[in-house]
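Colleague: Once you've had a glance at the structure underneath, I'll fire off some questions.
Each value in this text was obtained by applying a stated rule to the coordinates, not by laboratory testing. The model shown is predicted, which means the values in this text are computed figures rather than measured ones. Note that we place each Cβ from the backbone using ideal geometry, even for glycine, and neighbour counts take in every protein chain shown.
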Amino acid sequence: MALNWFRFAAPSAFYPLAGRAIPIFWWLTVIPLVIGLVWGFFMTPDQLGGTNAQKEYYRIIFIHVPTAWMSMWLYVVMAGWAAVGLVFKTRLSFMMANAIAPTGAVFTFLALWTGAFWGRPSWGTYWDWDPRLTAELILFFLYIGYIALHSAIDDTRRADRAAALLAIVGLVMVPVIFWSVNCPDPNQCAALHQRSDLTRMEGNILFSMLTITFAFWMYSFATTLMRLRSLILERESAAGASWVETTLGKEGAS
């Protein structure tokens, strides 16, 4: 018998599914994260590069690069769910976008923060208004703006639509960030960051970075689902859904 995935678009059906998935995602966060960090700090070279080699401090890339990747990917996912909500008028899609935003904001902040600490010993400054840093900062403000706009509007449906439009418009920053890192003409977009090239990266460094990135994805799933369950209960309770009281009673009994 084929599984009807569309039934999980209903908050009442998705709520218990999310509850069962959260512990799995937490385990898939902790184990790869420990492996990636241990591998990155103990199995990688003592310095990175040739003539102008970066010393031990280069290891901050094991946090900085994955958080920067996550900041962009989560924004795309958030805007995607917001667009689905606008097109199909699905409540769960709006709630999903709302649940992703805080995690995306945290990763963007960490990318900026770790980048500043990496930049000081590498290039002699915590901050420079180059395209990559500026675009990442704007992305952080977009996350904060999305959260603030949604919180500022009392009517939930209006808040969902307004915040969704902001998220979709803000998508323009993702290709801008990608272009600023992978700019083909150094004279056109001089920046502190080197071009990203995974094919030239030392194997142990790449393994650690990708393992930590996987852990961050699992963390994003876990925290998003936890936040989503809270949003479902809040909104469905306000709407007077009878299943909420029944479900909470079962969870309390167990």
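Colleague: Return, ordered by residue number, the residues of the stretch 203-235 whose backbone nitrogen is under 13 Å from a label point located 7 Å along Cα→Cβ of M43.
Modeller: Only 203-212 pass the distance filter.
Colleague: Go through the stretch 92-189 and name the chymotrypsin sites (Phe, Trp or Tyr not before Pro) that are in a DSSP coil and have 11 or fewer other Cβ atoms within 10 Å of their Cβ.
Modeller: For chymotrypsin sites (Phe, Trp or Tyr not before Pro) across the stretch 92-189 that sit outside H, G, I, E and B with at most 11 neighbouring Cβ atoms in 10 Å, the list reads W129.
Colleague: Taking θ = phi - 60°, what integer Hz values does the Karplus form 6.51 cos²θ - 1.76 cosθ + 1.60 yield along the stretch 68-76, in sequence order, with x for Gly and Pro?
Modeller: Here the 3J(HN,Hα) series is 5, 4, 5, 4, 7, 4, 5, 5, 4 Hz.
Colleague: ³J(HN,Hα) across the stretch 165-177 via Karplus (A = 6.51, B = -1.76, C = 1.60, θ = phi - 60°), whole Hz, x for Gly/Pro?
Modeller: 4, 4, 4, 5, 4, x, 4, 4, 6, 5, x, 5, 5
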